[in-house]
1. Tell me which residues, restricted to region 241-267, are under 19 Å from residue 180 (Cα atoms) and buried (at least 20 other Cβ atoms within 10 Å of the Cβ).
2. Just need a number here: residues in region 438-456 that are among the hydroxyl-bearing types (Ser, Thr, Tyr) and under 20 Å from the mean Cα position of the chain (by Cα).
3. Output the residues belonging to region 96-119 that are small (Gly, Ala, Ser) and either within 22 Å of residue 426 (Cα to Cα) or not assigned by TED's automatic domain parsing to the domain that holds residue 179 (or both).
4. Can you tell me which of 389, 405 is of a type in the set (S, T, N, Q), at pLDDT 95 or above, touching an Asp or Glu at 6+ places or on another chain (Cβ under 9 Å) and farther than 23 Å from residue 151 by Cβ?
5. If a residue has to be of a type in the set (D, E, K, R) and either more than 29 Å from residue 44 (Cβ to Cβ) or more than 12 Å from the chain's Cα centre (by Cα) (or both) to count, how many in region 70-107 make the cut?
6. Take the residues in region 160-199 that are without any contact (Cβ under 8 Å) to a residue 24 or more places away in the chain and of a type in the set (Lys, Arg), then tell me which one is farthest from residue 251 (Cα to Cα).
7. What about residue 189, is it part of a loop (DSSP other than H, G, I, E, B) and of a type in the set (A, V, I, L, M)?
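The values are calculated or read from the model by the stated rules, or taken from the named source; none is laboratory data. All figures in this text were calculated on a predicted structure; none of them were measured in a lab. Cβ sites come from the backbone with ideal geometry, for glycine too, and all protein chains shown count toward neighbours.
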Amino acid sequence: MNWKFCYSCYIGLIFLMCFSCATNTETDQRPNVILIIADDQGYGDLSVRGNPYLHTPTLDELAENALSFENFYVSPVCSPTRAELLTGKYYPRSGVYSTSAGGERINLDQQLLGDYFKEGGYRTGFFGKWHSGQQYPYHPNARGFDEFYGFCSGHLGHYFDARIEHNGKAIRSKGYLTDDLTSKTIEFAGQNAEEPFLAVLSLNTPHSPMQVPEQWYKKFDTISIKANEREDVNHSKAAYAMVENIDHNLKRIQQALKENTLDENTVLIYMSDNGPNGHRFNAGLKGTKGSTDEGGVKTNFFLKYSPYTGRKIEQLASSIDVLPTLLELCGIAVPKGIDGVSLMPSILNNEVEDKTLFHFWNNQLSVRTNEYKLDAQGALFEIRKDPFQKFPVQNDSVFAQLQSQKEKWLAEHLSSATKNRPFSIANAAVFPVVLPSRDASYSSEVKRSNRWPNDSYLEQWKSASDSIFWPVENLESGWYSFTLYYTAPKTELGVPIEIKSKNGSVQQAIEKAFVSEPIGAKEDRVRRIESYIKDFYPLTFKDSLFLEKGLDTIVLHRMKSGEHSIEFQQLELSRTSNR
């Protein structure tokens, strides 16, 4: 045998082995993940879906070049979808039953997306709307996320220099909130470029209030929209402006990933949490946010990752499938006992499996299979042939099968809802425990500033017979200091406020008159349905109170009736060594 030929083969073999090792090393590097969730963006809020009024070039390009799941579903409203994303389970199984007043909290026995990734060696960050519980250990910093920059409530009342928090500390955002949340996500990715990271960007838009900078709105101020009979045109214009702002911020994220050479090894997902928050263009789908019809639960879902060629995937998929899919994709063990399944077979092999999805809200339950939809009123549709739910069909065997599945699902899932959980008091030595007005119960003449609790405050607190209270569970015994945030006119100076628990009480008189006008109307593009916000003044109690571990009730009383109202925003508790 020719020795030169052998030598060439040997060198070639060494080269191939080295190349193979390099390739495997690159392949074995676990991907980063950026999960972007828009708030109240409908399926039709993209130009790629045929919307003639807005222009979303970045999202359109993502739809073309990423894996576009054409039959992706979520829950009809905000916190249920977030619970499903975070747990991989239908939301009633996690303890969620409402969007406010404590009903948005995910039970503490549930392991969340952040927990899995943190245990898997990832740096984890959450930016924006949490909407899954505020008090520790429901707080995102206690549920697997190293970094939290955002807000825990269901929505905010103002989007410019907004009141948010950073790892438990109250701060103000910088400028328009959507821009700021994007900047913090980009910053987090850049800071963790050398190790795998999970970043969840949970946007606040296009959820109301309909506030958006002029540079995005001015285009829509002059266009004409052909409205349907229920559409608020100005609301639609503001929503479209918000979506175009989101499109701009998505471009910022993609550019930053490329500049930091992170684009090839980052899984980028874009989706929305439910249908549109208004009767605007929705690609012909029936229903809006809150509905279990297609328009309330079908949303866009795009997944971009360099090894995968962009294409449309027809597999029926849901928010419960996101957690197992990401875990498998990132080499983290997928837990047993969840409702969702990994979508990797569809991603890798274009497999389309039979599947049944359930969509529940406000005592309305619909069932979706690959071919049929049984709506909440009992109408059956061949949904692939009739995606707009216009022509009910008669098929007794299919109807009986889906109706039986509905009844079984209700029996198995609704019993899991927990509606009497107290609010937890814990970890107050690290950052204050906040008991906000949105979570409070109250008596007699006290009223909320708005029917929607999120970011509201309490007013008409005039009588000494009225009280504001929270059922709580003290997870550790100790002494606590208190700060109460209020407004009060001069007539209420000197009124003592009492904080009472089973272990005793403390009192502090109002020493400063503070009156604040509602904030937000000037920036609103349309009249809002939620509460305006105000500035509130801190009343720090000079005495501390011992709270014993266990169940309790924290009660606020004004000890003297007055002619005018004291308005209340929140109560903060901090651990103290002073008695």
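1. Result: 241, 242, 243, 244, 245, 246, 247, 249, 250, 253, 257.
2. Matching residues across region 438-456 total 1.
3. Selection gives 100, 101, 102, 103, 114.
4. Numbers: 405 fails: touching an Asp or Glu at 6+ places or on another chain (Cβ under 9 Å).
One residue alone meets the criteria, 389.
5. Total satisfying the criteria: 4.
6. Filtering first and then ranking leaves 172.
7. So residue 189 does not fit the description; no.
Here's the yes/no breakdown for (1) at pLDDT 95 or above; (2) in the same structural domain as residue 182 (by TED's automatic domain parsing); (3) closer than 21 Å to residue 330 by Cβ:
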residue	(1), (2), (3)
3	no, no, no
13	no, no, no
17	no, no, no
20	no, no, no
23	no, no, yes
43	yes, yes, no
70	yes, yes, no
73	yes, yes, no
93	no, yes, no
